[in-house]
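The values are calculated or read from the model by the stated rules, or taken from the named source; none is laboratory data. What you see is a predicted model, and the numbers here were worked out from it, not measured in a lab. All Cβ positions, even for glycine, are placed from backbone atoms using ideal geometry, and neighbour counts span all protein chains on display. Surface areas here come from the heavy atoms of the whole protein model, side chains and all, with no ligands, DNA or RNA. Shrake-Rupley method; radii C 1.70, N 1.55, O 1.52, S 1.80 Å.
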Amino acid sequence: MNRYFKALIIFIAVAIGSYFLVIFITPSVVMLGVKAKAKSTLNVPVYSDVVTHKDRHVVLPNPDFLYVVCGYNLWDGPLKITGTMPDSSYCSFSLYSGNTHNYYIKNDRETPEKKFEILLTYDDCLTANNPQQLECITSPTYMGVMMVRILIDKPENLEKLKEIQRTFKVEKL
Amino acid sequence: MKKYILFIVIVAGVLCGTGIAIYNIKYWSAGDATIVNGSWVGKNLNKVGTDRLLTARIAVSALFALNPKEVVYLIAKDDKDGNELTAENDYLIKGIPLDARYWSITLYDENYFLVPNTENRYSYNLYNVSYESDSSYLIHISSTRKNKNWLSAGNKGKFYLAIRMYHPEKSVYNHLNKIQLPVIEKVYSHE
């Protein structure tokens, strides 16, 4: 009887541990899977074309948007991210940590000057190398993803919006 | 305890815990939703990042979702009568413009990807939907082409609809369970 009870306790403990481990690591595994599927280079932005049914890297793609996606790695120091937001169409810049959490977002209405410039660092912003005194964002993880969404409000604006899409750059400092 | 019994107990524990975790991540029911409005359900994404189960669920079923300050996401898996949406039927979505800076209704297959179709049309939004004279709109979901506001769900299998509301008005945020959302009605069955 004692032996069965011991086995039951071990079974429950292992099951609970496995349950929480899977819950905990799933976001990071999903993120790694997306990076592997996308075959993109870290710290190099990828400029998407109009999304179609052929795009199967990320679930629930929005066909109304142009995207700029960049997997980042801050091991070698901070990154400077720049770009220009469109005058009227919706646009947002968002950052996701290694466990997929959207920890930062800024949209076109919050960027009235339309010029977008930030310093992304893993270190404390107070001690980060920031000679240009850019808005500084601290990433909670060394690796993560940057994503820009630009709404294609009218098909005739597509080419102009593609030019705007290409203004988003990522540079090592 | 003999070593092989211990091994079996540990393997059984790992399989059980892992299986329950995967099931919990993958299959969340309307009962888990914090927003329920007709066919449309949604989750309060404020806790993504701190609520580990919710973070895992979003990573699997809505990766790169934005925080709710920016956008409200709602999903429909059933029609107004509570029956699963399937490509074997035709549906009519009847709605009025949503109170947001930008809104859209997008159709996804059961794996949450876009469905191939001859028009490369996967969604309608406030700019490209054709409105009726009373400012409402009707969107047809059918395997056969329609003249306007047509979305294809393919020929077979389940599908889902997603509403996105970017920068919704405060009244929308405060009454997500009550605002008037599009009604999804089955109009024809090919079976």
Margin query: I need the full set of residues from the range A:17-63 which are of a type outside the set (A, V, I, L, M, F, W, C), more than 30 Å from B:L151 (Cβ to Cβ) and in contact with a strand residue (DSSP E or B) (Cβ under 7 Å, 6 or more places away or on another chain), in order please.
Written below: A:K35, A:S40, A:N43, A:P45
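Do you know which of the residues in the range B:68-93 that are in contact with an Asp or Glu (Cβ under 7 Å, 6 or more places away or on another chain) and away from chain A (no Cβ under 14 Å) is surrounded by the fewest Cβ atoms within 10 Å (Cβ to Cβ)? Show your work before the answer.
Step one: of the range B:68-93, the residues in contact with an Asp or Glu (Cβ under 7 Å, 6 or more places away or on another chain) are B:77-80, B:84-85, B:88, B:91-92.
Next, from what is left, pick out any that are away from chain A (no Cβ under 14 Å): B:78-80, B:84-85, B:88, B:91-92.
Details: B:D78: 17, B:D79: 23, B:K80: 15, B:E84: 12, B:L85: 22, B:E88: 15, B:Y91: 24, B:L92: 19.
Among them, the one singled out is B:E84.
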Check: Does any residue in the range B:131-152 that is assigned to a loop (DSSP other than H, G, I, E, B) come within less than 7 Å, Cβ to Cβ, of a residue that is basic (K, R) six or more places away or on a different chain, and which pairs are these?
Finding: B:S136/B:K94
Check: Does any residue of the range A:126-138 turn out to be at pLDDT 90 or above, open to solvent by 80 Å² or more (accessible area, probe 1.4 Å) and more than 15 Å from the chain's Cα centre (by Cα)?
Finding: no
Notebook entry, point to check: Within the range B:1-20, can you find the residues that are farther than 19 Å from A:Y4 by Cβ, facing chain A (nearest Cβ under 7 Å) and not hydrophobic (A, V, I, L, M, F, W, C)?
Noted result: B:G17, B:T18
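Here is a list: A:L66, A:L95, A:L32, A:L74. Which entry is more than 8 Å from chain B (Cβ to nearest Cβ) and open to solvent by 10 Å² or more (accessible area, probe 1.4 Å)? First the steps, then the outcome.
Details: A:L66 fails: open to solvent by 10 Å² or more (accessible area, probe 1.4 Å); A:L95 fails: open to solvent by 10 Å² or more (accessible area, probe 1.4 Å); A:L74 fails: open to solvent by 10 Å² or more (accessible area, probe 1.4 Å).
Every option except A:L32 fails the conditions.
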Note to self: Just to be sure I understand, how many residues within the range B:58-83 are touching a Phe, Trp or Tyr at 6+ places or on another chain (Cβ under 9 Å) and modelled with pLDDT of 85 or more?
What the structure shows: 11
Check: Can B:Y108 be described as within 20 Å of B:S171 (Cβ to Cβ), within 12 Å of chain A (Cβ to nearest Cβ), within 12 Å of the chain's Cα centre (by Cα) and of a type outside the set (S, T, N, Q)?
Finding: no
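Could you check how many residues of the range B:48-61 are open to solvent by less than 40 Å² (accessible area, probe 1.4 Å) and free of Cβ contacts under 8 Å to residues at least 40 places away in the same chain?
Here is the first cut: in the range B:48-61, the residues open to solvent by less than 40 Å² (accessible area, probe 1.4 Å) are B:48-49, B:54-59, B:61.
The next check asks that each one be free of Cβ contacts under 8 Å to residues at least 40 places away in the same chain; those that pass are B:48-49, B:54-59.
Residues meeting the conditions: 8.
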Check: Does at least one position in the range A:107-126 carry a residue that is touching a residue at least 24 places away in the same chain (Cβ under 8 Å) and within 8 Å of chain B (Cβ to nearest Cβ)?
Finding: no
Margin query: Anything in the range B:94-138 that is aliphatic (A, V, I, L, M) and either over 16 Å from B:W40 (Cα atoms) or surrounded by fewer than 19 Cβ atoms within 10 Å (Cβ to Cβ) (or both)? List them, or say none.
Written below: B:I96, B:A100, B:L114, B:V115, B:L126, B:V129, B:L138
